[in-house]
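Before any comments, here is the structure.
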Amino acid sequence: MMKLPELHFGDSTAQIPIVQGGMGVGISLSGLASAVANQGGVGVIAAAMIGMGEPDVGKNPTEANIRALREEIRKAKEIMTQGLLGVNIMVALTNFADLVKTSIREGADVIFSGAGLPLDLPKYLKEDLTDELRAKVRTKLVPIVSSGRAAAVLCKKWLAKYDYLPDGFVVEGPKAGGHLGFKPEELDDPNFALEKILPEVVEAVKPFEAESGRRIPVIAAGGIYTGADIAKYLELGASGVQMGTRFVATHECDANIAFKEAFIAAHKEDVTVIKSPVGMPGRAILNEFIQAVREGRKKPFKCPFHCVKTCDVANAPYCISQALVSAKRGLLKHGFAFCGENVWRVDKIVSVKELIDGLKKEFDEFWEQKKAQLVAK
């Protein structure tokens, strides 16, 4: 019988192989991240427009975001007793470098980075750091990819330019929530299913593991809901899983109660894929705001933030950051909730401890049943 294993990023260890997905804007901050870490997992703060609550965010978004990220990392670390603390930083953010440097200086255990290939991420482990701080840095770098090819490209580029290999990979499938690294027509194509692309990433990193003599853990993400799902992806070669949607419906999640209740109220037919102003498809819960946008009713706005490089401000029907922060505050008439494919299965709000205990129980039950089936044969 398999036991729920530890998750190792080099010399950093989480007691359970569960990564809480980074959810912006403001859905996963220090409250949720520290609660997940304290259950032995990897809690993750989302850096995207993290400074939306700062009074000067409109006039000085760069400083506001740096200040807020610094504060959230410190708050989380103050109340953590175990586990690891991660920060999710999208490559597409205009202040990507500042947020990465802040995370490293504040001692984040892991930086997760997607929404583009983080080709130069390793340079920040040395850039603008004192010799003393550079010697203390233990931050691990974990790119988020959606193909074995992308994983191999990053390994080759990082080795050639920085003599550094990724400390792990998250491979995110098309059932994930929020912005997706796939074309709309690929979302339902079996060739891009997580079950297909996960083994490809695992195989892609094997030569680099062999050459370096160390493991590069691959984390499965996108649509993972139960303990049985965790067992399934570990069998397919994953070292752990990333889960986002399940952690929204927890008491410790940093979103407003109305945001969480939108998850509980969602039906299967409410799950939709939108065309985001940042140029990617995104999975969300259909509501009046999304319907109004689809009907051509634009939401006029000025853009003081310039937060995402790929955002087409001139033609965007609304500000994605303003819509997401409104939703986080429970003002869903002025925004919408990103979600995973399985959001309709969420039926109550629980504590992080209850959720993880339930996942552990389901994981054990899966292996008990499998053992019983083998004995019966």
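The values are calculated or read from the model by the stated rules, or taken from the named source; none is laboratory data. A quick note: this is a predicted structure, and the numbers were derived from the prediction, not measured. Every residue, glycine among them, receives a Cβ derived from its backbone with ideal geometry; neighbour counts consider all protein chains shown.
A compact table of results
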item: Single residue of segment 233-260 satisfying the filter (of a type in the set (D, E, K, R) and touching a residue at least 40 places away in the same chain (Cβ under 8 Å)) that is surrounded by the most Cβ atoms within 10 Å (Cβ to Cβ); result: R246
item: Selection status of M243, at pLDDT 95 or above, of a type outside the set (S, T, Y) and in contact with a strand residue (DSSP E or B) (Cβ under 9 Å, 6 or more places away or on another chain); result: yes
item: Meets criteria (in contact with a Lys or Arg (Cβ under 8 Å, 6 or more places away or on another chain), surrounded by 15 or more Cβ atoms within 10 Å (Cβ to Cβ) and part of a helix (DSSP H, G or I)) for A204; result: yes
item: Qualifying helices (runs of 4 or more DSSP H) (wholly inside segment 68-169; at least 3 residues being more than 19 Å from the chain's Cα centre (by Cα) and crowded, with 18+ Cβ neighbours inside 10 Å); result: 148-162
item: Some residue of segment 211-230 being aliphatic (A, V, I, L, M), over 30 Å from K75 (Cα atoms), in the same structural domain as L154 (by TED's automatic domain parsing) and not in a loop (DSSP other than H, G, I, E, B); result: yes
item: One residue from A33, A37 being within 21 Å of L234 (Cα to Cα), in the same structural domain as E362 (by TED's automatic domain parsing) and in contact (Cβ under 8 Å) with a residue 12 or more places away in the chain; result: A37
item: Any hit, segment 31-51, residues being at pLDDT below 95 and in a helix (DSSP H, G or I); result: yes
